[in-house]
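Chemist: I have a structure here, written as structure tokens, and I will follow up with some questions on it.
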Amino acid sequence: MTRASLAEVKVPVRMIVGSKDDQAVPDVNARPIASAIPNAELEIIPNVMHYTFLARCNLLGKVIARSLCTDPDEIDREEVHRRVSADALNFFNRTLRGELDCNEALK
């Protein structure tokens, strides 16, 4: 993946990342990638970590995979999931609406 190859992306792109991501730090990952893709959208959710996007952990997970199951105190993992899911649905409805309408016209 190069800046030139990203500049050739023609499909709508929306990226959502956490500001506290220490695995894929936004300033060296998401920001440069989004800036290289024409019209890409980037949202950085404050205080969200890399693993916040994983499913909620059960008790065993919290014991054996603590680092994957721990979020900052002010973060509700399930609320982040609801927010991102709603955002994705909105993005697809907004960006694919014209394509869907064209497909309907072809029937």
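The values are calculated or read from the model by the stated rules, or taken from the named source; none is laboratory data. Computed from a predicted structure; not experimentally measured. Neighbour counts are summed over all protein chains in view; Cβ atoms, including those assigned to glycine, are modelled from backbone coordinates with ideal geometry.
Chemist: Quick check: anything in the range 72-84 β-branched (Val, Ile, Thr), out of contact with any strand residue (DSSP E or B) (no Cβ under 6 Å at 6 or more places or on another chain) and modelled with pLDDT under 95?
Modeler: No - not one qualifying residue is present in the range 72-84.
Chemist: Here's something else I'd like to know. When you scan the range 85-107, how many residues do you find that are at pLDDT 60 or above and either touching a Pro at 6+ places or on another chain (Cβ under 7 Å) or among the aliphatic types (A, V, I, L, M) (or both)?
Modeler: Summing the residues that are at pLDDT 60 or above and either touching a Pro at 6+ places or on another chain (Cβ under 7 Å) or among the aliphatic types (A, V, I, L, M) (or both) in the range 85-107 gives 5.
Chemist: Would you mention how many residues in the range 42-67 are assigned to a helix (DSSP H, G or I) and among the aliphatic types (A, V, I, L, M)?
Modeler: Adding up the residues that qualify gives 4.
Chemist: Name the single residue, out of those in the range 41-69 being of a type in the set (D, E, K, R) and at pLDDT below 95, that is surrounded by the fewest Cβ atoms within 10 Å (Cβ to Cβ).
Modeler: Filtering the range 41-69 for residues that are of a type in the set (D, E, K, R) and at pLDDT below 95, the one surrounded by the fewest Cβ atoms within 10 Å (Cβ to Cβ) comes out as Arg66.
Chemist: Check Pro38 against each of (1) modelled with pLDDT under 95; (2) of a type outside the set (Val, Ile, Thr); (3) outside any helix (DSSP H, G or I) and name the one condition it does not meet.
Modeler: That leaves (1) as the condition not met.
Chemist: For the range 77-88, give me the residue count where each residue is exposed (fewer than 13 other Cβ atoms within 10 Å of the Cβ) and not aliphatic (A, V, I, L, M).
Modeler: The qualifying residues number 4.
For every residue, the table says whether it meets (1) in contact (Cβ under 8 Å) with a residue 60 or more places away in the chain; (2) under 21 Å from Ala88 (Cβ atoms); (3) not acidic (Asp, Glu).
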site	(1), (2), (3)
Val11	no, yes, yes
Asp22	no, no, no
Val28	no, no, yes
Val63	no, no, yes
Leu68	no, no, yes
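Chemist: I'd like the full set of residues that are under 25 Å from Ile75 (Cα atoms), surrounded by fewer than 19 Cβ atoms within 10 Å (Cβ to Cβ) and in contact with a strand residue (DSSP E or B) (Cβ under 8 Å, 6 or more places away or on another chain), limited to the range 27-40.
Modeler: Across the range 27-40, the qualifying residues are Asn29, Arg31.
Chemist: So which residues in the range 24-35 are outside any helix (DSSP H, G or I) and within 14 Å of the chain's Cα centre (by Cα), if there are any at all?
Modeler: Listed by number, the residues that qualify are Ala24, Val25, Pro26, Asn29.
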